[in-house]
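Worksheet: the structure to be examined is printed underneath.
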Amino acid sequence: MCETDDHEKSGASPPGSQPGDDQAMFSALLEDSAEDLYEHAPCGYLSTTLDGRIAKINQTLLNWLGYKSGDLVGRRDFSDLLTVGGRLYHETHFGPLLRMQGQISGIALELKTADGGRLPVLVTSIIRTGSDGQPLLIRTTVFDARDRRTYESELLRARQESDRERERLKRLNATLQKTLLPPTLVDVPGLDVAAYYHVASADEVGGDFYDLFPLASGTWGFFLGDVCGKGAAAAAITSLARYTLRAAAVYDPEPAAVLANLNTVLNHEYNGQDPRFCTVIFGLLTPDGDEGGFQVTLASGGHPPALLMRSDGRADYLPTPGGQLIGVLPDADIATTSVRLDPGDTLFLHTDGLTEAHSVGAEGRYGDEALLEFAQELAPTTARDAVAAIRDLLDTFGTGVDDDTAVLAFNVPRHSSEEQM
């Protein structure tokens, strides 16, 4: 027989053990009395009569409160140990619920200590009944919640500080966003103009941008674009794009040349490990004839096509096929088109945050076809009415708009005689 079997048969302790220590420990456990376990439990115990008079309380709870047994037993009610707010809660909620349910668990209260301090606790009470089912007394267990209260206070402070930081960030983002958009649109004689910027999230700066500005020879330049990404990096590209477009338009206002200049700048500045790009549509507005029309020349670098809503109710996209993203390739293919705006016509530009929104109750994105149908129902319209309608449309999407959206609209007003017809 092996040595292990001999040990098991003889009942001897295995090598390395200390039989004397084990026996002393078990002896000590057996000597614990129920009374000692009650008096020095790691939680407070007390028993009260049905009307709340304290009949029994353990030493643990007495030590926490700084009382002696004779100060409380038969002299004080449990509610006397509560703060004013706790007593009110006990009378209006705790007591009634306990009587209806027979027990109530984990209620946060504050007890008054003998020296006037406060002890946050968690209280569980149960009504003990006799063999006949009639209530006899109330047994209550009290847990010290000081550590928990400290933790909750620290958590609350951290949450409040986080909320303050978020509010500061929102204000910073809002201020930064304003610097990337024109405070007002310039007045173009003979033309009504309206714009709107929809912020999808106040926590991040978006990359959409637009502008309208005068150029030489009675023409005006305008652009609307969308930088990839969000946050500070996108804001830096947006700022660079806006100022580059304005400067390039002064040097050579031909739309394709303006976008080619922007493409060169972006491709040169961001052609490393972190390439940056954008979609942009740039145009020129030129008064055309005595009847109040405007000639519009557009160049697009990968941007969604503009919508043209005619005075007779027709609406369709202005195709700019083949236009490539600005900043990706050294020589981007830039698509151009021209159109004449007659009185009553409206030209509408937008970023893809509109068509990529999730519409309520529908599967997938809103889409180009849905926007075209919306424009066809809207036409004929004005710049202000078109932008107002899009604002209302975006509101219907609710949280389905997960990207910023910028819109810009131009309308040649009808003549007074046409409006009266």
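The values are calculated or read from the model by the stated rules, or taken from the named source; none is laboratory data. Keep in mind that this is a model prediction, so the values were computed, not measured. FYI the Cβ positions are ideal-geometry reconstructions off the backbone, even for glycines, and counts take in every protein chain you see. When the accessible area is computed, the model is the full protein with side chains, heavy atoms only, and any ligands, DNA or RNA have been set aside. Shrake-Rupley method; radii C 1.70, N 1.55, O 1.52, S 1.80 Å.
One table, with the values for the structure above:
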item: Ellipsoid semi-axes in whole angstrom, largest first, where each is sqrt(5λ) of the Cα gyration tensor of region 340-409; result: 23, 12, 10
item: Environment charge of ALA379, counting only residues whose C-beta is closer than 14 Å and scoring Lys/Arg +1, Asp/Glu -1; result: -4
item: Sites PHE213 and ARG391, calculated FRET efficiency, Cβ-Cβ separation with R0 30 Å, nearest 0.05; result: 0.80
item: Accessible-area ranking of ARG53, ARG75, ARG310, largest first, probe 1.4 Å; result: ARG75, ARG53, ARG310
item: Residues of type lysines that LYS56 reaches as a straight line, Cα spacing below 29 Å, ignoring anything fewer than 8 places off in the same chain; result: LYS68, LYS112
item: Efficiency of FRET between ASP71 and GLN101 - r from beta-carbon atoms, R0 41 angstrom, step 0.05; result: 0.85
item: Under-5 Å amide H pairs with ALA194, H placed in peptide plane, nonlocal only; result: ALA409
item: Candidates LEU98, LEU349, LEU325: whichever shows maximal mean-square fluctuation once the chain is modelled as a Gaussian network with Cα springs under 10 Å; result: LEU98
item: Per-residue ³J(HN,Hα) for region 99-111, Karplus 6.51 cos²θ - 1.76 cosθ + 1.60, θ = phi - 60°, Hz, x for Gly and Pro; result: 5, 6, 9, x, 7, 8, 10, x, 8, 7, 9, 10, 9
item: Percent carbon-and-sulfur accessible area, region 153-305, ignoring ligands, DNA and RNA, probe 1.4 Å; result: 55 percent
item: Linear extension gain, ASP132 paired with LEU156, 0.36 nm per residue minus alpha-carbon span; result: 3.8 nm
item: The chain: calculated mean residue ellipticity at 222 nm from DSSP helix runs of at least 4, using -39500 (n - 2.57); result: -11000 deg cm²/dmol
item: Of every Cα-Cα pair in the chain, the percent that sits beyond 28 Å; result: 66 percent
item: Reach of LYS178 by Cα under 17 Å, taken over lysines that are not fewer than 8 positions away in the same chain; result: LYS170, LYS230
